[in-house]
C-alpha cells in the first residue's frame with residue numbers, strides 16, 4: 001500500500017489547562033503506555049488506538065496512531081511545541097499515512113483539530129489566568 005507523510009502547524013497563544021474533549025478516552029500517558037479514544041464525526045464514532053513512543057514535557061509528544069482511516073496501519077504522529085511570537089508553535093507530523101481518500105483526510109482533520117485548539121486557548125486566554133490548584137473551583 002502506498003503511504004505519505006503530512007505536516008500541519010499553528011501558533012497558539014494562551015494558557016495551558018484545557019483538554020480537547022472526545023466521546024470516550026482511556027489514556028496511560030507514559031512511554032509505552034496505550035491510549036484509546038473515540039471521536040464523533042459525520043454521525044458516527046471513530047475509535048483510535050496507539051502507544052506513546054516519546055513524551056518530552058513541554059517539547060514533544062510522539063505516538064503511534066491506528067484507526068479505520070489508517071486501514072489498520074500503525075502510523076506515527078509527532079507533535080512538537082516551540083516558543084514563537086509570544087505563543088507556542090504546535091507542529092504535527094503524521095507519518096506513513098495510507099495514500100487514499102481516508103488517509104488524505106487526515107490533513108483536513110489535523111488542520112481542523114489545531115484550529116479548535118487555537119480557538120479554545122484564545123478563549124481561555126481572554127478570560128485570564130487559570131487556577132490550576134488541586135481542588136480549585
Worksheet item: Quick one: would you say residue 126 is at pLDDT below 90 and surrounded by fewer than 16 Cβ atoms within 10 Å (Cβ to Cβ)?
Response: yes
Worksheet, complete the sentence: Of the residues in segment 85-123, those that are modelled with pLDDT under 90 and not in a helix (DSSP H, G or I) come to 85, 86, 87, 88, 89, 90
Fill in: Looking only at segment 36-61, and only at residues there that are modelled with pLDDT of 85 or more and part of a loop (DSSP other than H, G, I, E, B), the one that is surrounded by the fewest Cβ atoms within 10 Å (Cβ to Cβ)
57
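On the given criteria, is residue 65 at pLDDT 95 or above, crowded, with 16+ Cβ neighbours inside 10 Å and touching a strand residue (DSSP E or B) at 6+ places or on another chain (Cβ under 7 Å)?
yes
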Worksheet item: Do we have any residue at all in segment 10-31 that's part of a strand (DSSP E or B), under 15 Å from residue 110 (Cβ atoms) and at pLDDT 95 or above?
Response: no
Worksheet item: Could you give every pair whose Cβ atoms fall below 7 Å, whose first residue belongs to segment 93-122 and is free of Cβ contacts under 8 Å to residues at least 40 places away in the same chain and at negative phi, and whose second residue is assigned to a helix (DSSP H, G or I) and surrounded by 13 or more Cβ atoms within 10 Å (Cβ to Cβ), counting only separations of at least 6 or pairs across chains?
Response: 102/69; 105/69
Fill in: Single residue of segment 62-74 satisfying the filter (free of Cβ contacts under 8 Å to residues at least 24 places away in the same chain and in a strand (DSSP E or B)) that is nearest to residue 30 (Cα to Cα)
62
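The values are calculated or read from the model by the stated rules, or taken from the named source; none is laboratory data. From a predicted model like this one, the values you see are computed outputs, not experimental measurements. Neighbour counts are summed over all protein chains in view; Cβ atoms, including those assigned to glycine, are modelled from backbone coordinates with ideal geometry.
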